[in-house]
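Structure first, commentary second.
The values are calculated or read from the model by the stated rules, or taken from the named source; none is laboratory data. None of the values given here were measured: they were computed from a predicted structure. Cβ placement follows ideal geometry from the backbone for every residue including glycine, while neighbour counts extend to all protein chains displayed.
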Amino acid sequence: MSPFPSALQSVSAPDRVDPDRLRRCLELADPAVLLAVLVQVTGDDALLDRYTGEISHVPNPPEMAGIAPRRIVAEIVDRLVEAVTAAAPAATTNGTVDPELFARLAPLALGVPVGAEFLPMLLEQGGFRYFQPVVPRTALMPATMSVAIIGAGLAGIAVAIAADRAGIEYEIFERNDEVGGTWHIQNYPGVAVDTPSSYYSLSSELNPDWSSYYPKGGEYQEYLRAVVDKHGIAEHTRFGTEVEALVWDEPSARWEIRWRSADGSRGNSYAAAVVTAAGYLNRPKFPDVPGIGEFAGISVHSSQWDPDLDLSGKRVAVIGAGCTSVQIVDAIVEDVAHLTLFQRQPHWVAPRKRLGDEVPDEQRWLQRHVPFYANWLRLKSFWGSSDSAYPVVVVDPEWASDHLSISPANDLLLQDCLKYIDETFGAGSELAAKVTPDFAPFGKRIIRDPGAYYRALTRPDVDVEVEAIDRIVREGIVTADGRLVEVDAIVYATGYNLDFLSTMDIRGRDGVTLRQEWDGNNPRAYRGGTVPGFPNLFITSAPNANPGHGAGNNFAIEVTAHFLIECLQLLAERGATSLEPTREAYEDYNARIDEAMERTVWRHTPTANTYYRNDSGRVIVASPWRLIDVWSEHRAPIETHFVLRQKSIHGEAGAISTRGRSHC
């Protein structure tokens, strides 16, 4: 049985709510959020005029919690107890929130002014309403429209839900025997979500019962299973089926999907459109050092962890110092006899902002039983880690000219991290020097300490080795200065090869491959992960599509899913069978990306070794723009930026003129 009995469900009916417990929980809650909820539940916006002036906010993250006099809190609680228990509460989704009222509630609940440009995005990201259609819905989606989705992780699930809501047939091809993608595969010790759980989920599928602000991977996997079960997605999924090739067939205007089953058999399927939802970090990467196969002890990559592996009492080497390494070290240090961390390059590590990560029981109870409460907590989490963080990655040239940090905003984070280093290791100590990076924060992805990582490095049975690895031998690891570190087990927390679909044979119009289009390890895409010459192909986790400054990839996934449906609706409206971006739009879009990227931290931290950049130094992973800009540009396709084609009666495709038509 799923550990989420209340997950993804509506709030409880009034007759199931215990008034006494409701009151006790409300008294511990954020009064600013409670006032927003009270106004929504009662529909009485006069309450805003009465109470808003009495509420202030804690200025610091992660909570930005509201503060009010006891008398005011008591009045709000009394009114809310009466409203929730006396009458059926309003629904929490499906557009029931009035946008004008929301504009007044948002700054109250979030604790900061909210610009008008953000409000439509926040309505969606708070789960207050579903994505709003932009392309006219005057034509029915043709029965021939179908979508093949490659991968059943978070992205594939989000696209499946969007397709189903639009009345589009879909089929998912998943190489594993279970949904979940990363969260099904990864089972190393300490694996956990490092984006706040209340936000790192689908905006239309809120889970009110997370046990942790940063849940372990297994709990997140259960959330994804619950979403899949709710929407019947497994019934549309081919498990144990790996897609080997995608081939566009021009006469039929559809994709041929060539796949291989787990038993080795091969087959073909067809779809009008394809969405790749397989991510770009799938193949484990090992360090380029000789002798890996010579080691006589236990060797394991973090992505290939055996759940029966027991490292208790062993001398363990962990190679790597990124997020995965941090979580593993934090999880195993108490059990091993000795741990040596081989740190190729230090990352900036941010301290926890709470004493612990466990979500209080009263907060979980309120999210399950009080309308809109979970929505506002999600939105507070999103807002605190989204465009409010954007100044941290934007370069201030004057500041950066004589600082390690790139801007005053970036320096605040740097000083917070330096303070954490000094408090843990001692200012000026050898260990402090070892873990201090020589680049600005966000030059590499910032890491959150899961609780005891830095503290673990101070233990007498832990060594931090910064000397490069020369080779691996039967007994252990030989460093560049000739020392042998004898170990019983080596854990490779060394990340993944950056693929961007390079392992799949994708052939578009005229047989051109995606590898040819992206020659020189220079993957690029237009809005929605679209590429010229590859009709009806949409790439989630596309080049330069993922937020680099905050939020999470779930935001980019939802943006792409919405854009996909708008593009397919445009085909229906025009009676067309395929669309692809023009070469001009594609080149212009990527020129804009590169121009904006020059003003970001990733182009101003050359000493940071990061997979964000390719061999030529071009940043190919992160997006240089604010989330609101990405969201706005993906509301609907600009028709003049696309070539639309339709089949003639002879089965040949012909272009449709798009001059003068656009949906901005």
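Conditions (1) within 20 Å of Ala253 (Cβ to Cβ); (2) in the same structural domain as Gly127 (by TED's automatic domain parsing); (3) surrounded by fewer than 22 Cβ atoms within 10 Å (Cβ to Cβ); (4) at pLDDT below 95, marked per residue:
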residue: Pro543; (1), (2), (3), (4): no, no, no, yes
residue: Gly552; (1), (2), (3), (4): no, no, yes, yes
residue: Thr560; (1), (2), (3), (4): no, no, no, no
residue: Gln569; (1), (2), (3), (4): yes, no, no, no
residue: Ser578; (1), (2), (3), (4): yes, no, no, no
residue: Asp594; (1), (2), (3), (4): no, no, yes, no
residue: Thr610; (1), (2), (3), (4): no, no, yes, yes
Among residues of region 292-325 being assigned to a helix (DSSP H, G or I) and out of contact with any Lys or Arg (no Cβ under 8 Å at 6 or more places or on another chain), the residue nearest to Thr436 (Cα to Cα) is Ser325
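Going by the conditions given, is Val227 among the hydrophobic types (A, V, I, L, M, F, W, C) and over 20 Å from Phe555 (Cα atoms)?
So Val227 fails the test.
Residue-by-condition table, conditions (1) within 14 Å of Val359 (Cβ to Cβ); (2) surrounded by 19 or more Cβ atoms within 10 Å (Cβ to Cβ):
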{"residue": "Leu202", "(1), (2)": "no, yes"}
{"residue": "Glu205", "(1), (2)": "no, yes"}
{"residue": "Trp210", "(1), (2)": "yes, yes"}
{"residue": "Glu219", "(1), (2)": "yes, yes"}
{"residue": "Tyr223", "(1), (2)": "yes, yes"}
{"residue": "Asp229", "(1), (2)": "no, no"}
{"residue": "Gly232", "(1), (2)": "no, no"}
{"residue": "His236", "(1), (2)": "no, no"}
{"residue": "Thr241", "(1), (2)": "no, yes"}
Reported set for region 183-212 where residues are touching a Lys or Arg at 6+ places or on another chain (Cβ under 7 Å) and modelled with pLDDT of 90 or more is Val191, Ala192, Leu206, Pro208, Asp209
Checked region 108-132 for anything among the β-branched types (Val, Ile, Thr) and assigned to a helix (DSSP H, G or I); matches are none
Counting only residues that are more than 24 Å from Ala556 (Cβ to Cβ) and outside any loop (DSSP other than H, G, I, E, B), region 511-525 contains a total of 3
Restricting region 340-350 to residues that are touching a Lys or Arg at 6+ places or on another chain (Cβ under 8 Å) and assigned to a strand (DSSP E or B), the one farthest from Thr605 (Cα to Cα) turns out to be Thr340
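Only one of Ala152, Ala148, Ala158, Ala166 is among the hydrophobic types (A, V, I, L, M, F, W, C) and surrounded by fewer than 24 Cβ atoms within 10 Å (Cβ to Cβ); which?
Ala166
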Subset of region 351-402, residues in a helix (DSSP H, G or I), under 19 Å from the mean Cα position of the chain (by Cα) and more than 21 Å from Ala29 (Cβ to Cβ), comes to Asp387, Ser388, Ala389, Tyr390, Val392, Val393
Would region 467-488 turn up any residue that is of a type in the set (Val, Ile, Thr) and within 32 Å of the chain's Cα centre (by Cα)?
-> no
Within region 259-269, identify whether any single residue is of a type in the set (Lys, Arg), surrounded by 15 or more Cβ atoms within 10 Å (Cβ to Cβ) and part of a loop (DSSP other than H, G, I, E, B), and answer yes or no. no
Wholly inside region 17-104, helices (runs of 4 or more DSSP H) that include 3 or more residues that are modelled with pLDDT of 95 or more and of a type in the set (A, V, I, L, M) are 31-42, 46-51, 70-86
Reported set for region 455-482 where residues are touching a residue at least 40 places away in the same chain (Cβ under 8 Å), among the acidic types (Asp, Glu) and within 16 Å of Glu430 (Cβ to Cβ) is Asp463, Glu465
Taking region 419-456 and keeping only residues that are under 27 Å from the mean Cα position of the chain (by Cα) and either farther than 25 Å from Arg613 by Cβ or of a type in the set (Lys, Arg) (or both), one is left with Tyr420, Lys444, Arg445, Arg448, Asp449, Pro450, Gly451, Ala452, Tyr453, Tyr454
Being without any contact (Cβ under 8 Å) to a residue 24 or more places away in the chain and out of contact with any His (no Cβ under 7 Å at 6 or more places or on another chain) narrows Arg592, Arg574 down to just Arg592
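Output the number of residues of region 160-180 satisfying the condition of being among the small types (Gly, Ala, Ser) and farther than 23 Å from Glu256 by Cα.
1
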Counting only strands (runs of 3 or more DSSP E) wholly inside region 455-510, the ones holding at least 2 residues that are modelled with pLDDT of 95 or more, among the acidic types (Asp, Glu) and within 26 Å of Glu334 (Cβ to Cβ) are 462-465
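Would you be able to tell me the number of residues in region 495-508 that are farther than 15 Å from Ile257 by Cα and charged (D, E, K, R)?
1
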Restricting region 359-410 to residues that are free of Cβ contacts under 8 Å to residues at least 12 places away in the same chain and among the acidic types (Asp, Glu), the one surrounded by the fewest Cβ atoms within 10 Å (Cβ to Cβ) turns out to be Asp402
